[in-house]
Every structure is written in C-alpha cells, then in structure tokens.
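As structure tokens, the structure follows; a few thoughts come after it.
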Amino acid sequence: MSLFTRQNMLIVALALVSAGVGLVASRWMQPTPRNVAVEKGVSTLNVGDHRDDATLPDRDGKPTSLAEWDGKLILINFWASWCGPCREEMPLLDTIRNRYAGKGLEVVGVASEDATAANGFLAQFPVSYPILINDTSLGPDWSIRYGNTRNVLPYSVLIGRDGLIVAQRIGNFDEAKIEAWLKPYL
C-alpha cells in the first residue's frame, strides 16, 4: 500500500493551503505598531545622538537638569506608579546604582506621571536614586524624545560619560539582563 494515495495527497494539500491562509490572515489582522513620535510630531534621539539637556522638577519641585550628572554613565529609567513591571524593577535599579556608583554610574528615575502619584508611591516604596517628574499633562513626554516610540513603560536609556546615547531598551530588567546591558560601558 502506497503512502502517496490520492486521498493522502489531498489531505496534505488541504493542510498546506489551510496553513497558508492562516498565516496570511494572521499577518493581515495583526495591527501595525504605533509610532507615537510620528503621531505627535516629535523627533526622537537614537543611539549615537547627544542627549538633550532635559530639565525636569525633582520630587520637591526643584528644576533639575541632566547636565548635573555630566561625566557619569547615566541610566535614565522612565516609569510610573501604576506600571507593575516598573515597580518590580525599582529595587534592582537601586541595587545596581549602589553596586556601581564607584564606577561612575548614576540611575535617574523619571516618573511619567504627576508628582502626587509618584511621591505617594515613593513614600511607601522609597529608592535611593534621584527621581525627576515628567508630568506629560504639563509638558512634553521626554520618554518619547529619548526614543520610546511605542510609549511603553518601563523604558530605559543609557547615556555615556561623553553625553552620547549608547543604548535604549523597552521593558523591565532582571539582574542578568541589566548586568549585560551595562557591562560594556562601566
């Protein structure tokens, strides 16, 4: 008895056609990723670009410039109190900052929300690294300017000692990922 009977060939052909139709349908139905920078007309900074000198209020409302950390390796982490992955990685960022401060690393958290929400969260879950407030209802969304074109949190940017952006990352870290991300620049 031959494996290649007319009935078996028909079944195989039908399976291949079904798989092809399914693949085409899944591609067609998948939404195109939004690029909020394009939607909002914001030009974004990319790896190799010099950082903007963003000035944002700190937790107490005092204007603070990124230039304050010139000469250091700066990990800017955009987060919000309502973001579960953001909250989950904050203790790790605190540990990493303390571990590598002697090598010139500074972690700067940028809360992408109003000061009341950010400060309320930080009162319960404090961190030792500086926090700036980017209330996007009052001004530009700096995470988008720094390359967060999908408007996803957490979002991190690594700025070299020379002020050039050396890495950008969407999503939260675990210890192995952040160590690997930082290692070439420490």
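The values are calculated or read from the model by the stated rules, or taken from the named source; none is laboratory data. Values in this document were obtained by computation on a predicted structure and should not be read as measured data. Glycine also receives a Cβ, built like all others from the backbone with ideal geometry; neighbour counts cover every protein chain displayed. Just so you know, the surface numbers come from the protein's heavy atoms only, side chains and all, with ligands and any DNA or RNA stripped out. Shrake-Rupley method; radii C 1.70, N 1.55, O 1.52, S 1.80 Å.
List of remarks:
- Tilt relative to the chain, helix 115-124 - C-alpha long axis, 0 to 90 degrees, to 10: 90
- Accessible area, probe 1.4 Å, largest first, for residues Lys72, Lys177, Lys183: Lys183, Lys177, Lys72
- Taking only alpha carbon atoms, the chain gives an Rg to Rh ratio of 1.21, where Rh is the Kirkwood radius.
- Nearest-ten-degree value, helix 6-29 long axis tilted from longest Cα axis of the chain: 30
- Lys pairs, the chain - Cα-Cα below 25 angstrom, 8 or more residues apart or on other chains: 6
- In nm, spacing of pseudo-spin labels at Asp52 and Arg6 (7 Å Cα→C-beta vector): 7.0
- Residues in the chain average 57 Å² of solvent-accessible surface per residue, probe 1.4 Å, ligands and nucleic acids excluded.
- Multiplying the residue separation of Ser18 and Val127 by 0.36 nm and removing their Cα-Cα distance gives an extension gain of 33.9 nm.
- Carbon + sulfur, % of accessible area of the chain - ligands and nucleic acids excluded, 1.4 Å: 59
- These residues, Arg99, Arg169, Arg6, Arg51, go from largest to smallest accessible area, 1.4 Å probe, as Arg6, Arg99, Arg169, Arg51.
- In terms of packing, defined here as the mean over residues of other Cβ atoms within 10 angstrom, the peptides 160-167, 143-150 line up highest first as 143-150, 160-167.
- With K and R counted +1 and D and E -1, the other residues having a Cβ less than 12 Å from that of Gly163 yield a net charge of -2.
- Centre separation in Å (Cα based) which lies between the range 135-152 and the range 68-111: 17
- Expected 222 nm ellipticity per residue - DSSP helices of 4 or more, -39500 (n - 2.57), all of the chain, to 500: -11000 deg cm²/dmol
- Nearest-ten-degree value, helix 84-100 long axis tilted from longest Cα axis of the chain: 50
- When peptides 122-134, 85-97 are ranked by their average number of other Cβ atoms within 10 Å per residue, the highest-first order is 85-97, 122-134.
- A full extension of the chain between Lys72 and Leu186 corresponds to an added length of 40.1 nm, given 0.36 nm per residue minus the alpha carbon distance.
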